[in-house]
Amino acid sequence: MQESQVKKELFNGIDFRRLASNDDFKEDSVREVVIVPMLKKLGYREENIIRSKTLRHPFLKIGSKKRAVNLVPDYILKVDNGYAWVLDAKSPKEKIINDENVEQVYSYACHKYSAWKLRA
């Protein structure tokens, strides 16, 4: 399937320019209107879409003391009953390449996800 066909299939009917100019369309709207429908079209079932789950970093130490660091990505996606990837939503008004957003996503990806532990 060509790239244009894939985009049409995943995002059919979404006018991204209109959404970006709507001040009321924020991150929660991106999650509901864009991300969840896209994940469903990609074949993800509800049980494979984990929302806002607190992750505990396994081994952060500052000096000689261990420090608890909790991370909360918007989505953790499961494939074959294993955690495969993390997805973070942003408002259309946010620049995803600014330092803070890059650092946030890097904090999810800087260690092997399989080493992270989900907090019950």
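The values are calculated or read from the model by the stated rules, or taken from the named source; none is laboratory data. From a predicted model like this one, the values you see are computed outputs, not experimental measurements. When we count neighbours, we look across all protein chains shown, and the Cβ atoms used for this are built from the backbone with ideal geometry, even at glycine.
Only one of VAL30, VAL36, VAL69 is within 16 Å of the chain's Cα centre (by Cα) and either modelled with pLDDT under 80 or under 21 Å from GLU103 (Cβ atoms) (or both). Can you tell me which?
On the way: VAL36 fails: either modelled with pLDDT under 80 or under 21 Å from GLU103 (Cβ atoms) (or both); VAL69 fails: within 16 Å of the chain's Cα centre (by Cα).
So the residue among VAL30, VAL36, VAL69 that is within 16 Å of the chain's Cα centre (by Cα) and either modelled with pLDDT under 80 or under 21 Å from GLU103 (Cβ atoms) (or both) is VAL30.
Among the residues in segment 91-98, are any part of a strand (DSSP E or B), farther than 27 Å from GLN5 by Cα, out of contact with any Gly (no Cβ under 7 Å at 6 or more places or on another chain) and modelled with pLDDT under 80?
To start, the set of residues in segment 91-98 that are part of a strand (DSSP E or B) comprises none.
No - not one qualifying residue is present in segment 91-98.
For the structure I just gave you, tell me whether ASP80 is modelled with pLDDT of 85 or more and surrounded by fewer than 13 Cβ atoms within 10 Å (Cβ to Cβ). Please lay out each step first, then the result.
Details: modelled with pLDDT of 85 or more: yes; surrounded by fewer than 13 Cβ atoms within 10 Å (Cβ to Cβ): yes.
So ASP80 fits the description; yes.
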List the pairs whose first member sits in segment 46-62 and is surrounded by 12 or more Cβ atoms within 10 Å (Cβ to Cβ), whose second member is modelled with pLDDT of 90 or more and among the β-branched types (Val, Ile, Thr), and whose Cβ atoms are under 8 Å apart, counting only residues at least 6 apart or on separate chains?
ILE49/VAL36
